[in-house]
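S.K.: I'd like to ask some things about the structure below.
No lab work stands behind these numbers, since they all come straight from the coordinates. No experiment lies behind these values; they were computed from the predicted model shown. Here the Cβ is made from the backbone with ideal geometry for all residues, glycine too, and neighbour counts use every protein chain on show.
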Amino acid sequence: MITAREKAQKGPAEEILERPPEVLSDAELLALLLGNGYRGCNARQLAGELLDHFGGLAGVLRADRSRLLASPGVGPAKYALLCAALEVSRRHALDLVRGGDVLSSPQQTRRFLQHHLAGRTREIFSCLFVDSQNRLICCEDLFLGTIDGAAVYPREVAIRALQNSAAAVIFAHNHPSGITQPSVADRRITERLQSALGLLDIRVLDHIIVGSGTPFSFAEVGLL
């Protein structure tokens, strides 16, 4: 039988070999990515410190580069590993969306958008361009705003839709506040975009707002 002392001496890699990753805590998974700590602080302790300081795993992975590098024990190599882990997760989610009909798998689309937009400190307006078979062509971040909002221009959206030979689009943006309910401005720009693209026979399938918790879908509540 393994003693408590022996268990405490195990590294994070040994833990994941002995137990499936889905049962590991956030601290254990983060420790595995970090690999090691610093003098007087092992990888698990460092993971715990970062989770406490940044308010959880999402906070660590979305933390500003300067803030993360200023944390004891986190150098450029560890920062690069955390960025890579986040991007691998995002690309995996994107591949699942690319694999089929976006209308038949709305959960996959929202999961990707959460990976792509959640936790950003500035508002980003993204467009998913879709072909006539409802398959994803590409995802582009078209407008970047401040914490208060992003200026969205229907003409630019229409140009990119035509350049991508899109038959339909899904709009998405994040609310840095975490609140997913659409503002009056969100509703107005959605109406303007839908009208502009309708003249080009390009359908608007949805507008999704990402924040804390479940994303808001305009299509789901009948706003499109």
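S.K.: What are the residues whose amide H is under 5 Å from the amide H of residue 37, where those residues sit 5 or more places off or on another chain and H is modelled from the backbone?
M.R.: Answer set, sorted by chain and number: 43.
S.K.: In addition: Return one number: the angle in degrees, 0 to 90 and rounded to the nearest 10, between the long axis of the Cα atoms of helix 106-117 and the longest principal axis of the Cα atoms of the chain.
M.R.: So the helix axis and the longest Cα principal axis differ by about 70 degrees.
S.K.: Using modelled backbone amide H atoms (1.01 Å from N, in-plane), which distant-in-sequence or interchain residues come within less than 5 Å of residue 105's amide H?
M.R.: Residues meeting the amide H criterion: none.
S.K.: If packing is taken as the average number of other Cβ atoms within 10 Å across a peptide's residues, how do 204-213, 80-89 rank, most packed first?
M.R.: On the way: 204-213: 20.3, 80-89: 13.2.
Per-residue Cβ counts within 10 Å, averaged per peptide and sorted highest first, yield 204-213, 80-89.
S.K.: Go ahead and estimate [θ] at 222 nm for the chain from helices alone: -39,500 (n - 2.57) per DSSP H run with n ≥ 4, summed, over the residue count, rounded to 500. Could the numbers behind the result be given before it?
M.R.: Working: 10 runs with 104 residues, N = 224.
Estimated from H runs of four or more residues: -14000 deg cm²/dmol.
S.K.: In degrees, nearest 10, range 0 to 90: what is the angle between the Cα axis of helix 184-198 and the longest Cα principal axis of the chain?
M.R.: With rounding to tens, the tilt is 60 degrees.
S.K.: Follow-up question, since we're still on this one. If the only charges are +1 at each Lys and Arg Cβ and -1 at each Asp and Glu Cβ, what is the size of the charge dipole of the chain around the Cα centre, to the nearest 20 debye? Walk me through the intermediate numbers first.
M.R.: On the way: 24 positive and 24 negative charges, 67 e Å.
For the chain, the charge dipole is close to 320 debye.
S.K.: Note down the nm distance, to one decimal, between modelled labels 7 Å out along Cα→Cβ at residue 141 and at residue 77.
M.R.: 2.8 nm
S.K.: Between residue 148 and residue 65, what length comes free when the chain is fully extended (0.36 nm per residue of separation minus the Cα-Cα distance, one decimal in nm)?
M.R.: Numbers: separation 83, 0.36 × 83 = 29.88 nm, distance 2.15 nm.
Length gained between residue 148 and residue 65: 27.7 nm.
S.K.: Which percent of Cα-Cα pairs in region 69-166 sits in each 10 Å bin, short to long?
M.R.: Result returned by the calculation: 14, 35, 35, 12, 4, 0.
S.K.: Taking the Cβ-Cβ separation of residue 23 and residue 159 as r and a Förster radius of 45 Å, what is the calculated FRET efficiency to the nearest 0.05?
M.R.: On the way: r = 48 Å, r/R0 = 1.08.
Step by step, r from the Cβ atoms, then E = 0.40.
S.K.: Continuing with the same structure: For residue 56, which sequence-distant residues (separation of 5 or more, or a different chain) have an amide H within less than 5 Å of its own amide H, given hydrogens modelled in the peptide plane?
M.R.: Under 5 Å from the amide H of residue 56 lies no amide H from a residue far enough along the sequence or on another chain.
S.K.: Another question about this same structure. Quick check on region 101-217: what does the Kirkwood estimate of hydrodynamic radius come out to from the alpha carbon pairs, in Å?
M.R.: Numbers: mean 1/r = 0.0712 Å⁻¹.
Taking every pair of different Cα atoms in region 101-217, averaging 1/r and inverting gives 14.1 Å.
S.K.: Output the 0 to 90 degree angle, nearest 10, between the alpha-carbon long axis of helix 154-163 and the longest principal axis computed from the alpha carbons of the chain.
M.R.: Taking the Cα atoms of the chain, the angle to 154-163 is about 80 degrees.
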